[in-house]
Amino acid sequence: MDRMGETPVPTLARVFPASLKIGGVEIAPATVLAPMAGVTDTVFRRFIKNLGGCGLIMTEFTSADGVLRDQRVRGRYLHFYEDEHPISAQLFGSSPSVLADAARLVEDLGFDIIDLNLGCPAKKVVKCNGGSGLLRDLPLIRKIFEAVRAAVKIPFTVKFRAGWNDDEIVCVELARMAESCGLGAVALHARTREQGYSGNARWEWIASVKQAVNIPVIGNGDIRSPEDACAVVAQTGCDAVMIGRMAPANPWIFRQIQQYVSGATGVPARPEKRSSAEKMYDEPTEADRYQMIRTYFQMLLEEEMPGAEGKMKQFASWFTHGIPGGAALRKAIYDAKSGAEILERVEEFFEAKLPVQTA
Ligand SMILES: Cc1cc2nc3c(=O)[nH]c(=O)nc-3n(C[C@H](O)[C@H](O)[C@H](O)COP(=O)(O)O)c2cc1C
C-alpha cells in the first residue's frame with residue numbers, strides 16, 4: 001500500500017517475476033538466453049552467464065538425427081561445462097522415436113532440461129518437417145510430445161512460433177497440448193513462420209497462451225531493453241522473458257534487467273515518477289566494452305572453438321554498432337587474417353581510446 005493506504009503501488013519488482021520453476025528446476029532470475037544457431041555455443045553461454053542476470057541458458061538447436069549418428073555433432077553442439085547449469089538442450093527433428101532417443105542421450109549427458117524446436121523457419125529444416133514445419137501437423141507434434149515425455153525424467157519444454165501464417169495461428173492449441181502431455185513450460189516467439197524476423201512480435205499471442213495454460217510461459221520476441229522486458233511481462237503476464245538478438249549486441253542486458261526491476265542502482269523503481277532521461281540501470285563504459293570484447297575473444301581462442309575467427313567477426317559486427325568509431329574497428333577486424341590478429345586490432349583500437357586504463 002502507498003502512504004495514504006490507497007491502491008498498491010505497482011513497483012517493477014512486483015511486476016517482474018523473481019524466479020520460475022520448470023518441473024523441479026529453479027530458474028532465477030526469470031530470464032532466458034534464447035537458443036541461437038551459430039551464436040549460443042558454450043563460450044557465448046558462459047560469457048553471458050559470467051556477466052550476470054541470466055537465469056537459464058540454452059544450446060543452439062541440434063539435430064536429433066545428427067546427435068545419434070555422429071559423435072562429432074554431439075561434441076560440437078551438446079558439450080557444456082559444469083558452471084553452465086541450469087542448461088537446456090534444444091533438439092529439432094520430426095520423428096517421435098528419434099527425438100525420444102536423442103532426448104535420452106541429452107538426459108544422460110547431464111542437461112537439466114530438454115527443449116523441442118518448433119520455430120526454426122530455415123528452409124532446410126522445414127523441408128524435413130522440423131522446426132516451424134511441424135506447426136502444420138499438430139497430431140505429429142502430439143506424438144513427439146508423448147514419446148519424448150515418456151523417454152526422460154528431466155523437464156521437457158517446447159519453443160514455438162505462433163503458427164505458420166496469420167491464417168493458421170495454433171499457439172493456444174499447441175500450448176494446451178503441451179500442458180496436457182506433461183511438458184514443463186512453453187516459450188513463444190510471437191511471430192509466424194511466414195513473418196520470419198520481419199514486422200513486430202505480437203505479444204498479444206503470448207498473453208493468449210498465458211491465459212490458456214497453467215505451466216510457465218516464457219515470452220520472446222523483440223525484447224531489446226529492460227523497459228521492454230517489464231512491458232512484455234506487464235502486458236502478457238508471462239513468467240519469464242527470453243532474449244535473442246539483443247544478447248550479442250548488449251550482453252549486459254540480463255544484468256540491466258535485474259538492476260531495473262530491483263532498483264539496484266538506487267533510483268526509485270517507480271516508472272510513473274521517472275523522467276525519460278533517468279536510467280535505472282548501468283550503461284557499460286568504454287572500458288567495460290573493451291574488457292567484455294577482449295574476454296569473449298580470449299575465451300573463443302582458448303576453447304579452440306571451430307570457426308572461432310568467423311565468430312569473432314560476426315560478433316564484432318553486432319557488438320560494435322553504437323561504439324564511437326565502431327565502423328573503423330569493424331573494418332580492421334574484417335581485414336584481420338587470424339583470431340590472434342583480431343584480438344590485436346581490438347586492443348589497438350581501445351588502447352588508443354583508453355590510454356589510462358590500459359597503460
Ligand atoms: C542467428 C539466430 C539463430 C537462431 N537460432 C535459433 C535456434 O537454434 N533455435 C531456436 O529456437 N530459435 C533460434 N533463433 C530464434 C531466437 O531464439 C529468437 O526466438 C528470435 O531471435 C526472437 O527473439 P529476439 O527478438 O529476442 O531476437 C535464432 C535467431 C537468430 C537471430
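If only residues of the range 215-232 that are of a type in the set (Val, Ile, Thr) and not in a helix (DSSP H, G or I) are counted, the one that is nearest to residue 153 (Cα to Cα) is 215.
Among residues that are at pLDDT 95 or above, charged (D, E, K, R) and outside any strand (DSSP E or B), residue 191 is not included. Taking the criterion of being more than 11 Å from the ligand (Cβ to nearest atom), of a type in the set (A, V, I, L, M, F, W, C) and under 17 Å from residue 62 (Cβ atoms), the only residue of the range 28-43 that qualifies is 43. Could we say that residue 83 is surrounded by fewer than 19 Cβ atoms within 10 Å (Cβ to Cβ), in the same structural domain as residue 233 (by TED's automatic domain parsing) and among the acidic types (Asp, Glu) here? Yes: the conditions hold for residue 83. Filter the range 51-74 for residues that are of a type in the set (Asp, Glu) and part of a loop (DSSP other than H, G, I, E, B); which is nearest to the ligand (Cβ to nearest atom)? Looking at residues that are of a type in the set (Asp, Glu) and part of a loop (DSSP other than H, G, I, E, B), I get 60. Of all residues in the range 318-352, those that are surrounded by 19 or more Cβ atoms within 10 Å (Cβ to Cβ), within 19 Å of residue 307 (Cβ to Cβ) and in contact (Cβ under 8 Å) with a residue 60 or more places away in the chain total 1. For the range 198-214, a residue qualifies if it is part of a loop (DSSP other than H, G, I, E, B) and either within 19 Å of the chain's Cα centre (by Cα) or at positive phi (or both), and the qualifying residues are 198, 199, 200, 201, 202.
Pick from 48, 154, 87: which is β-branched (Val, Ile, Thr), within 26 Å of residue 27 (Cα to Cα), more than 15 Å from the ligand (Cβ to nearest atom) and modelled with pLDDT of 95 or more? Result of the check over 48, 154, 87: 154.
Return yes or no: is residue 132 more than 17 Å from the chain's Cα centre (by Cα) and over 30 Å from residue 251 (Cβ atoms)? No; evaluated as a whole, the condition is false for this residue. On inspection, residue 222 qualifies as among the acidic types (Asp, Glu), within 13 Å of the chain's Cα centre (by Cα) and within 13 Å of the ligand (Cβ to nearest atom).
The values are calculated or read from the model by the stated rules, or taken from the named source; none is laboratory data. Note that the coordinates shown come from a computational prediction; the quantities given were computed from them, not determined experimentally. So basically every Cβ, Gly included, is an ideal-geometry build from the backbone, and we count neighbours across all protein chains shown.
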